[in-house]
Amino acid sequence: MTESERQQDISGPVSAEEERLLRESLERLRSDFDVFSTRFYEALFRREPALRKMFRDDLTGQGMKFITTLDEVVSHVLEPAANPGKLSELGSYHASLGVVPEHFAPMEEALIDTIRSVLGDAYSAEHERAWRKAYAQIAATMIAESGKP
C-alpha cells in the first residue's frame, strides 16, 4: 500500500466497527497498562532517542498518565463534543514540553507496534486501521492546537 492509499484508508470518521475495536483493545491495554506503557516508551526511545530527555528518569509513574491520556484521546475520537478543549490542552501541554510535529510519526509507530505486541494474536489489520485513523485525527488536532497562543 502506498502512503497515499494509507492516508485515504485512515481518513474520515471512525466507523461503528472501528469504535468497537478501539474500545475493546483499549480495555485490554488498560488492564495491563504497566507492560503496555513500558513497551511503548521502549519502542519510542528506540525510534527517537532524543525524546528520552523529555521524560522523567523513572517511567513507572508515567504509565498511568500515559494510559489516562490514551483513554482521553480515544474518547475524543469517539465522542468529540464531550470535551472540546481537551485536545487543545494536550496540544499546548505537549508543545510546552518541546514536542514538535515531527515527533508524532515516531510516536505513532511506537504506539502501533506496542498495541500489536500487547494484543498478540488478537491484533488484526482492522485494529491497525482503527488505531491509525484515531491517531491521525488526534495528532492533526494536537499539532494545529499546539501552534496557537
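Values quoted throughout were computed directly from the atomic coordinates according to the rules given, and no laboratory measurement underlies them. Quantities reported herein were computed from a predicted structural model and do not represent experimental measurements. Note that each Cβ is placed from the backbone with ideal geometry, even for glycine, and that neighbours are counted across all protein chains shown.
Quick grid of which residues meet (1) in contact with a strand residue (DSSP E or B) (Cβ under 7 Å, 6 or more places away or on another chain); (2) free of Cβ contacts under 8 Å to residues at least 40 places away in the same chain; (3) in a loop (DSSP other than H, G, I, E, B):
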{"residue": "His76", "(1), (2), (3)": "no, no, no"}
{"residue": "Leu90", "(1), (2), (3)": "no, no, no"}
{"residue": "Tyr93", "(1), (2), (3)": "no, yes, no"}
{"residue": "Gly98", "(1), (2), (3)": "no, no, yes"}
{"residue": "Glu102", "(1), (2), (3)": "no, yes, no"}
{"residue": "Pro106", "(1), (2), (3)": "no, no, no"}
{"residue": "Leu111", "(1), (2), (3)": "no, no, no"}
{"residue": "Arg116", "(1), (2), (3)": "no, yes, no"}
{"residue": "Gly120", "(1), (2), (3)": "no, yes, no"}
- Right, Lys65: basic (Lys, Arg) and either assigned to a loop (DSSP other than H, G, I, E, B) or under 14 Å from Leu22 (Cβ atoms) (or both) or not? no
- Name the residues in the range 25-59 that are of a type in the set (Asp, Glu) and assigned to a helix (DSSP H, G or I), would you? Glu27, Asp34, Glu42
- Query: Restricting the search to the range 81-102, which residues are of a type outside the set (Gly, Ala, Ser) and surrounded by 15 or more Cβ atoms within 10 Å (Cβ to Cβ)?
  - Reply: Lys86, Leu87, Leu90, His94, Val99
